[in-house]
Amino acid sequence: QVQLVESGGGLVQAGGSLRLSCAASGRTFSSSAMAWFRQAPGKDREFVAAISWSGTTYYADSVKGRFTTSRDNAKNTVYLQMNSLKPEDTAVYYCAASSTTRWARVEGGMYDYWGQGTQVTVSS
């Protein structure tokens, strides 16, 4: 059974930092694209960042320069380092993994496996 488990969310003041982790189990994703999405209350899910099997990254404009995603294939884990957090970053953050593509994609439909989400709250 494939599982993605996020951790590292919490409450932080504006300008602060958090590091999210997403540990995968049940299969290896070293050859797969992985991504982060988020969903704020009353809003649609939106793309945040993605990383290809080779480490190429892609970011939403709203987080570019502040967030960094990385992966450790030996640990089957992907990370999202979030700096200079803003209140508008408040959301549930989900990691996702693809079984069909190696390349960083922004479309949620390209990802087959999803974590349960972790809450990030940024206070002003």
Heavy-atom accessible area order for D72, D89, largest first, 1.4 Å probe: D72, D89
With a 1.4 Å probe and all protein chains left in place, how much of the accessible area of the chain comes from carbon and sulfur atoms, in whole percent? 47
Cleavage-rule hits, GluC sites (Glu not before Pro), the range 33-124, DSSP coil, Cβ neighbours within 10 Å at most 12: E107
Put a dot 7 Å past each Cα toward the Cβ at R66 and R45; how far apart are the dots in nm? 2.2
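May I ask you to derive the FRET efficiency for N83 and Q1 from their Cβ-Cβ distance with R0 = 30 Å, giving the value to the nearest 0.05? Please list the in-between numbers first.
Values: r = 34 Å, r/R0 = 1.14.
For N83 and Q1, the calculated efficiency is 0.30.
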At K75 and W103, where each label point lies 7 Å from the Cα along Cα→Cβ, what is the point-to-point distance in nanometres? 2.9
Over the range 1-105, average the accessible area per residue using a 1.4 Å probe and give it in Å², no decimals. 49
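The values are calculated or read from the model by the stated rules, or taken from the named source; none is laboratory data. All of these numbers come straight from a predicted model, not from anything done at the bench. Because the Cβ atoms are built from the backbone with ideal geometry, glycine has one as well, and the counts that use them run over all protein chains shown. Protein only, heavy atoms only, side chains kept; ligands, DNA and RNA dropped before computing areas. Shrake-Rupley method; radii C 1.70, N 1.55, O 1.52, S 1.80 Å.
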